[in-house]
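Since the structure comes first, as structure tokens, the remarks are kept for the end.
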């Protein structure tokens, strides 16, 4: 059951405009829904372990910088977590998609 739904109106994540992003509650993931194709994409967050997000927001710092100038920010709190890799209470994770794995 999604805890939070956010619509990426300006393509801050890099998957296209008007994508619907939900928190994959208790699943270490974000779920992106494309209304045009009616398909889902699951984005697994490999680190930090036990990534349980409760909030999302996108930001474009420099539209001319391509993928480097934009990204999705997600909160990461330990509310539902019993065993986590980090000892801090909460943090913010910056998520960006590169056009290919070696893009710099």
Exercise. For 33, 97, what's the fewest-to-most ordering of other Cβ within 10 Å of each Cβ?
Worked result: 97, 33
Problem set entry | Residues 75, 53, sorted so that the one with the fewest Cβ neighbours within 10 Å comes first | 75, 53
Exercise. Arranged by the count of other C-beta atoms within 10 angstrom, fewest first, what order do 61, 34, 8 take?
Worked result: 61, 34, 8
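Any read-out appearing in this document is the output of simple, stated calculations on the displayed coordinates, not a laboratory observation. If you're wondering where the values come from, they're calculated on a predicted model, not measured in any experiment. Note: ideal-geometry Cβ built from the backbone for every residue, glycine included; neighbour counts use all protein chains shown.
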